[in-house]
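Trainee: Structure incoming, see below.
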Amino acid sequence: MNGYRDLRVALLGCGSVGAQTARLILEHGDELAARIGARLTLAGIAVRDVDAKRDVELPRELFTTDAERLVQGADIVIELMGGIEPARTLILEALQGGADVVTANKALIAAHGRELSDAAEQVGAQLSYEAAVAAAIPILRPLRESLAGDHITSVLGIVNGSTNYILDRMDRFGDSAEDAMRVASELGYLEADPTLDIEGYDAAQKATILASIAFHTEVPVVAVHREGIANITSAQIEAAKNAGYVIKLLAIAERITSSDGVDGVSARVYPALIRRDHPLAAVYGGKNAVFVEAEAAGELMFYGAGAGGAETASAVLGDLVSAARRHVIGGPGIPGSLHAELPILPVGEVNTAYQIMLEVRDQPGVLAAIAGILADHGVSAASVEQTVAEGSEGSDGGDAEGRAALVIGTHTAREADLAATVDALRASDQVHAVTSVLRLEGRA
């Protein structure tokens, strides 16, 4: 210990993550002090209800309902309240007062990250949010620091444990979507309103953060193409298995070149097919993982717990120690780098491949007609599998017209051309229905 003064830490919020964060600060005070060179003093914990039941037994005298007063005079503020307000206002007050801020608030960073980073940079403070994307998994610091000198080409992430748990149960145990969601809800993976997870909003917020850091460019959350897993069926899961794939909800940030030669960034979230020999295919249950491809470093995989009170608190404490060390050593906080200013390109400019499931007429000439539609849009088939559609009586089985099920895997093509192909298939007299469209990712 070098005799540096104690550092006052204000904690805003005491849910499962906040309670575990407070416990770790109190229980590991000596160890943290040895790492930092100064002791951390937990100045207080701001909550809405001082008497509410907590996951961890904590000294009652630490609790207060006056968050604004607690922030004043703090050296480091840890924000674990969630939501946009009053978290945004309190963080701005802390930064403007010269305090460093640690937060796990993905919604706030996705919506106001640039504003908060600018406020921190103006006064030389530090804003850290490692826990905002993948809980215990260290991914933001490696992207921002360890790979700062490399040329990152893509980041693919399973960053929502709830949806990964649901899709994994459907794939490995044969659950229906309804049964998988019920089990996920019973185990606490889903909130009473699961929309944030199921419709991909949570993953889109994390995609914004990953893309902004990986490509040093501000990527607004409204620019992230978003699709959820609400329409994923057991038939799609089975078709994926038969073709050697697994379906995962992916957050993707990628450097791409548009059809007219513009270099830019794509950020998107959707359920996609991953080959079963890809590292992301083996991410089971509620785990998270982020797969990074860089020009010099090659392929990197970051895997671990993407949720949980103690797990997320681990990342919060890492940021806390870093901020505290800055106070002891001196110097301004490390600002975020958003100076590349690459254009955000629409999803139509992405190069991908499709798996298209169709219900078509069971008669001669259908395959030739389908092939013609693909060719008209510059898309070629990599594989075609045909079976008799479920419930079809066949062409000579009575009054019902015979139907066949087709599963078409395409070669890589421009997303806009693939989407136009699907629209043309829907309009074809030979096609009764387009029953599924999934993209293939992680082809490397």
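Trainee: Is it fair to say residue 270 is touching a strand residue (DSSP E or B) at 6+ places or on another chain (Cβ under 7 Å), touching a residue at least 12 places away in the same chain (Cβ under 8 Å), closer than 29 Å to residue 176 by Cβ and open to solvent by 10 Å² or more (accessible area, probe 1.4 Å)? Explain how you work it out, then say what you get.
Mentor: On the way: touching a strand residue (DSSP E or B) at 6+ places or on another chain (Cβ under 7 Å): yes; touching a residue at least 12 places away in the same chain (Cβ under 8 Å): yes; closer than 29 Å to residue 176 by Cβ: yes; open to solvent by 10 Å² or more (accessible area, probe 1.4 Å): no.
In short, no.
Trainee: How about the range 10-35: which of its residues are more than 24 Å from residue 85 (Cβ to Cβ) and buried (at least 22 other Cβ atoms within 10 Å of the Cβ)?
Mentor: Residues of the range 10-35 that are more than 24 Å from residue 85 (Cβ to Cβ), as a first pass: 20, 23-35.
The answer is 20, and nothing else.
Trainee: Given the conditions (1) of a type outside the set (D, E, K, R); (2) surrounded by fewer than 24 Cβ atoms within 10 Å (Cβ to Cβ); (3) within 30 Å of residue 257 (Cα to Cα), and given that residue 113 satisfies all but one, which numbered condition is not satisfied?
Mentor: Evaluating residue 113 over (1) of a type outside the set (D, E, K, R); (2) surrounded by fewer than 24 Cβ atoms within 10 Å (Cβ to Cβ); (3) within 30 Å of residue 257 (Cα to Cα) leaves (2) as the failure.
Trainee: Quick one: residue 101 ticks every box in (1) in a helix (DSSP H, G or I); (2) open to solvent by less than 30 Å² (accessible area, probe 1.4 Å) bar one, so which box is it?
Mentor: Here residue 101 clears every test but (1).
Trainee: Can you pull out every residue in the range 245-267 that is without any contact (Cβ under 8 Å) to a residue 40 or more places away in the chain and among the small types (Gly, Ala, Ser)?
Mentor: If the condition is that a residue be without any contact (Cβ under 8 Å) to a residue 40 or more places away in the chain and among the small types (Gly, Ala, Ser), then 261 is the only one that fits.
Trainee: Going by what's in this entry, would residue 53 be described as touching a residue at least 40 places away in the same chain (Cβ under 8 Å), open to solvent by 20 Å² or more (accessible area, probe 1.4 Å) and more than 22 Å from residue 123 (Cβ to Cβ)? Working first, answer last.
Mentor: Numbers: touching a residue at least 40 places away in the same chain (Cβ under 8 Å): no; open to solvent by 20 Å² or more (accessible area, probe 1.4 Å): yes; more than 22 Å from residue 123 (Cβ to Cβ): yes.
It is false that residue 53 is touching a residue at least 40 places away in the same chain (Cβ under 8 Å), open to solvent by 20 Å² or more (accessible area, probe 1.4 Å) and more than 22 Å from residue 123 (Cβ to Cβ).
Trainee: Among the residues of the range 230-252, which ones are assigned to a helix (DSSP H, G or I) and open to solvent by less than 30 Å² (accessible area, probe 1.4 Å)? Break it down into steps so the answer makes sense when it comes.
Mentor: Just the residues of the range 230-252 that are assigned to a helix (DSSP H, G or I), to begin with: 234-242.
Correct list: 236, 237, 239, 240.
Trainee: A further question on this structure: Out of all the residues in the range 121-140, is one or more crowded, with 21+ Cβ neighbours inside 10 Å, of a type outside the set (Val, Ile, Thr), within 30 Å of residue 256 (Cβ to Cβ) and modelled with pLDDT under 95? Can you show your working first?
Mentor: Pass one, the range 121-140, residues crowded, with 21+ Cβ neighbours inside 10 Å: 125-135, 137, 139-140.
Checking the rest, the ones that are also of a type outside the set (Val, Ile, Thr) come to 125-132, 134-135, 140.
This time we only want the ones that are within 30 Å of residue 256 (Cβ to Cβ), so: 127-132, 134-135, 140.
So of that shortlist, the ones also modelled with pLDDT under 95 come out as 134-135.
Looking for residues that are crowded, with 21+ Cβ neighbours inside 10 Å, of a type outside the set (Val, Ile, Thr), within 30 Å of residue 256 (Cβ to Cβ) and modelled with pLDDT under 95, one finds at least one in the range 121-140, hence yes.
Rundown of residues vs (1) assigned to a strand (DSSP E or B); (2) open to solvent by 30 Å² or more (accessible area, probe 1.4 Å), yes/no style:
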residue	(1), (2)
303	yes, yes
311	no, yes
315	no, no
319	no, no
324	no, no
336	no, yes
348	no, no
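Trainee: From the residues in the range 74-98 that are part of a helix (DSSP H, G or I) and among the charged types (D, E, K, R), which one is farthest from the chain's Cα centre (by Cα)? Working first, answer last.
Mentor: Keep residues of the range 74-98 that are part of a helix (DSSP H, G or I), which gives 87-96.
Subset that is among the charged types (D, E, K, R): 88, 93.
On the way: 88: 21, 93: 28 Å.
In this case the residue turns out to be 93.
Trainee: Step by step: first the residues of the range 405-444, then only those that are within 27 Å of the chain's Cα centre (by Cα) and under 19 Å from residue 238 (Cβ atoms), then the one that is most open to solvent (accessible area, probe 1.4 Å). Which residue is that?
Mentor: My answer is 435.
Trainee: If you go through the range 385-404 one residue at a time, do you hit one that is more than 20 Å from residue 245 (Cβ to Cβ), at pLDDT 95 or above and open to solvent by 60 Å² or more (accessible area, probe 1.4 Å)?
Mentor: Going residue by residue through the range 385-404, those that are more than 20 Å from residue 245 (Cβ to Cβ) are 388-404.
Filter again for at pLDDT 95 or above, leaving none.
No; the residues of the range 385-404 include none that is more than 20 Å from residue 245 (Cβ to Cβ), at pLDDT 95 or above and open to solvent by 60 Å² or more (accessible area, probe 1.4 Å).
Trainee: Within the range 326-379, track down each residue that is within 27 Å of the chain's Cα centre (by Cα) and of a type in the set (S, T, N, Q).
Mentor: 337, 351, 352, 355, listed by residue number.
Trainee: Enumerate the pairs (first residue in the range 216-244 and of a type in the set (D, E, K, R); second residue anywhere and at pLDDT 95 or above and outside any helix (DSSP H, G or I)) with beta-carbon separation below 7 Å, excluding pairs fewer than 6 apart on the same chain, so at least 6 apart or on different chains.
Mentor: That search, which allows pairs on different chains as well, returns 226/200; 226/269; 227/200; 227/269; 227/270; 227/271.
Trainee: Next up: Before we move on, is residue 280 open to solvent by less than 60 Å² (accessible area, probe 1.4 Å), under 19 Å from residue 135 (Cα atoms) and in contact (Cβ under 8 Å) with a residue 40 or more places away in the chain? Let's see the steps before the verdict.
Mentor: Values: open to solvent by less than 60 Å² (accessible area, probe 1.4 Å): yes; under 19 Å from residue 135 (Cα atoms): yes; in contact (Cβ under 8 Å) with a residue 40 or more places away in the chain: yes.
Yes.
Trainee: Tally up the residues in the range 195-219 that are part of a loop (DSSP other than H, G, I, E, B), surrounded by fewer than 21 Cβ atoms within 10 Å (Cβ to Cβ) and touching a helix residue (DSSP H, G or I) at 6+ places or on another chain (Cβ under 7 Å), please.
Mentor: Here the count works out to 1.
Trainee: What are the residue pairs meeting all of these: first residue in the range 57-83, first residue more than 16 Å from residue 93 (Cα to Cα) and free of Cβ contacts under 8 Å to residues at least 24 places away in the same chain, second residue open to solvent by less than 70 Å² (accessible area, probe 1.4 Å) and in a loop (DSSP other than H, G, I, E, B), Cβ atoms under 7 Å, and 6 or more apart or on different chains?
Mentor: Pairs found: 65/47; 65/50.
The values are calculated or read from the model by the stated rules, or taken from the named source; none is laboratory data. Predicted, not measured: the structure shown is a model, and the values here were computed from it. Cβ sites come from the backbone with ideal geometry, for glycine too, and all protein chains shown count toward neighbours. Areas reflect the complete protein model, heavy atoms only, side chains present, ligands, DNA and RNA absent. Shrake-Rupley method; radii C 1.70, N 1.55, O 1.52, S 1.80 Å.
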